[in-house]
Every structure is written in structure tokens, then in C-alpha cells.
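The values are calculated or read from the model by the stated rules, or taken from the named source; none is laboratory data. Being a predicted model, the structure only gives us computed values, none of them experimental. Ideal geometry is used to build each Cβ from the backbone, glycine not excepted, and the neighbour counts take in all protein chains shown.
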Amino acid sequence: MTSNRIINVSLVALAITFTIALYYLTVQATNVLNFFLRPLFPGVEFFTVPWNMLEYVGIACLVGIICVIVLGCLLKKPFLSKMGSLSIFMPVFGHFFSEMFLLVGVQVLQVVLLPISRYLNIVKLEPLLVGAEALLWVCSQGFIVVGLSIFSWGVFSWLKGVVTRQKVFSISIYRYSRHPQYLGYILWSFGIYLQTLIPCGGPFGYVWFNYFFPWFLSVLSMVGIALYEEIGMANKYPEEYSTYRREVSFLVPVPHKIKKAFMFPVRAISKKDYPERGREILLLLALYGGMGVLLVWILSYVIIGLAVGAAIVGVLVITWMYRRRRQRHQV
């Protein structure tokens, strides 16, 4: 076995081990938090919950997390933005801890979802998902597996770039995506979100919270972190990274014309191809975030309308077939 093959096999093993460990720690962190928080928050009875007070606490927590994410961009501290992104998504795991009372243990983190569930519930597809538990489970597992695979491939490619001492990584998966690790995170976290649409049997986890918006905020935060990292790379390697950025897509490989159309708002606002300051990144995130929310809100009602229309057409067709059959028997 040649030395290059030994290095590649070692890097693959290291990348897979790191991905599995990171995924396990992400899930296990919820169990650890639940262990420490359960004695402090034994839960409250549903009918005695002071909802107004809880909503105020949730709004304060949500505003605080968003401020941490924004400060991370403005102060050039991506670590803060990453922690804010994980903080906004961590309450989702409270869904899988079914209890007879509300906000038990790690479920207390879901208090940040109260204002989101009341004021920012933009996805209305839950009625259409009744009876589709098996399909949801298969789709969620597919997103998780694909996301973790892309993340692991990205880690391997990054390690190989470090070992070969490349300035700008343009090998392996980096030929198709400039940020494969973030793409992997987005996909596997979306798989976790799909799992929350499956009724878990608990009295509160499925009924009260919609987890799409926390996932969406987490994705926006990761996109902002990636854009900030690109500013550093562009300053460090202006010519090499400029060429690489023109040739490779940001996250998902798309044709050049689609990429150009998607980047039109960037050019319209900043008169540049890419943002160069933290404030520009925040402005773009606000713009694309608003567009994304509006698009999802419209699509959710379009899908519901199509489903209702299909149901009406089905009933009309069945009625027509029944009447035609009766007419034949009468004849």
C-alpha cells in the first residue's frame, strides 16, 4: 500500500470518526442537559401555566440569541454566531422528551419557541401529514444520512487540503460546494425537523410547537458565518479565491445562470458580487430571510390548496363513477 493511499484511508477514517462523534455529542448533549435541568425544572401543570409570563421570557431569550448571532457578525467573532445558531436549534430536541407535564427538564429550553409558535408559525402543513408517519420517518432518515455523509466528505476534503498545504481548497467535494460541512449540517438538521412532525405520543411536544422557524434561523446563521469566512479568505488570497468563488457554487451546485440570478439582490444592494463587511452580510440575511419566509408561507397555502382541490376532484370523480354505474344497472 502506497503512502498516499495510507494517508487517504487514515483521513477517511478520521473524518468518519469525527462526524459520528459530533453527531453523537449533539444528540447526547440534550440528554446531559436534561439530566441537570430536570431537578431544577420538574414541570408545571398545563392549566396553571402563566402563559403571558412564559411568552415574555421566551421573547427575551429569542431576542438575546439573535443579538448574540448579530454581534458575532459585527464583532468578527464567528464562534458567537455558531453558538447562537446551535442555541436556537437546541430546543428542538426537547420535542423528543415526552412528559406528562410541560417544560420538564430540557423541555424548558422550548420556552424560546413560545413566541415563535404564536407569532411566526409560517408553515401550515401539519393537517396534511396525519397518517404519513412512515413516509416522514423515511424522509427524515434520508436527509440525516445524506447530510452526515456530505459533512463527513467535507471533513475528509478539508483534512486532505490541510495535509497537502493548499491555499484554497478546490479538491474533492470542494469542487462542487464551497461550504460542504455547512451543507451537511443544513440537511441533517432538516431531517431532525422532519422527525418532529411525527407524533411522539407526548401530550405537548407535537401539539404546541412548530420547529420550522428555529431551523430556518439556524440555517441563516450558518450562511452568515460562511459568508464571513469568505471575507477572510478573499482578503488572504484575493486572486485565488476570487477565481474559485466564480467557478464553484456557495452550497448546492447549480447552473451558472441560476447562480447569477440568485446573486442579483447582492449586486443590487451592495453594487458588488459578494459582501465585504459584516453589516452587508446582515442586510443580505435579512433580505433573503424575508424572501424565504414569504416563499414558504405562500407555498404552504398553495400545497394545502392543491391538496384540498385534489380531494374535491377525487370526490367528484368517485361520485360521477358511482352515478354512471347506477345508470348502467338501471338500464
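I'm told VAL108 meets every condition in (1) closer than 24 Å to TYR23 by Cα; (2) modelled with pLDDT of 80 or more except one. Can you identify the failing condition by its number?
The one condition VAL108 does not meet is (2).
Collect the residues in the range 282-331 that are over 22 Å from MET263 (Cα atoms), among the aliphatic types (A, V, I, L, M) and touching a Leu at 6+ places or on another chain (Cβ under 9 Å), keeping them in residue-number order.
ILE303, ILE304, ALA307
For the range 153-172, which residues satisfy the criterion of being crowded, with 22+ Cβ neighbours inside 10 Å and among the β-branched types (Val, Ile, Thr)?
VAL155
Quick one: what pairs do we get from the range 292-311, first residue of a type in the set (A, V, I, L, M, F, W, C), second at pLDDT below 75, C-beta under 6 Å, 6+ apart or different chains?
VAL293/ILE122; VAL296/ILE122; TRP297/ILE122; ALA307/LEU128
VAL44 passes all but one of (1) surrounded by 12 or more Cβ atoms within 10 Å (Cβ to Cβ); (2) out of contact with any helix residue (DSSP H, G or I) (no Cβ under 7 Å at 6 or more places or on another chain); (3) among the β-branched types (Val, Ile, Thr); (4) at pLDDT 70 or above; which number fails?
Unmet condition: (4).
Modelled with pLDDT of 80 or more and β-branched (Val, Ile, Thr): which single residue out of THR17, THR2 fits that description?
On the way: THR2 fails: modelled with pLDDT of 80 or more.
Result: THR17 is the single residue among THR17, THR2 that is modelled with pLDDT of 80 or more and β-branched (Val, Ile, Thr).
Each row is one residue, and each column tells you yes or no for (1) within 17 Å of the chain's Cα centre (by Cα); (2) modelled with pLDDT of 80 or more; (3) loosely packed, with under 13 Cβ neighbours inside 10 Å; (4) more than 14 Å from MET222 (Cα to Cα).
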site: PRO39; (1), (2), (3), (4): no, no, yes, yes
site: LEU54; (1), (2), (3), (4): no, no, no, yes
site: VAL57; (1), (2), (3), (4): no, no, no, yes
site: CYS73; (1), (2), (3), (4): no, no, no, no
site: MET90; (1), (2), (3), (4): yes, no, no, yes
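When you go through (1) closer than 30 Å to ALA234 by Cα; (2) modelled with pLDDT under 80 one by one for GLY292, which number turns out not to apply?
(2)
Tell me yes or no: at least one residue of the range 125-134 is closer than 17 Å to GLU55 by Cβ and at pLDDT 70 or above. It would help to see each step written out before you state the result.
Step one: list which residues in the range 125-134 are closer than 17 Å to GLU55 by Cβ, which gives none.
Looking through the range 125-134, none of the residues is closer than 17 Å to GLU55 by Cβ and at pLDDT 70 or above.
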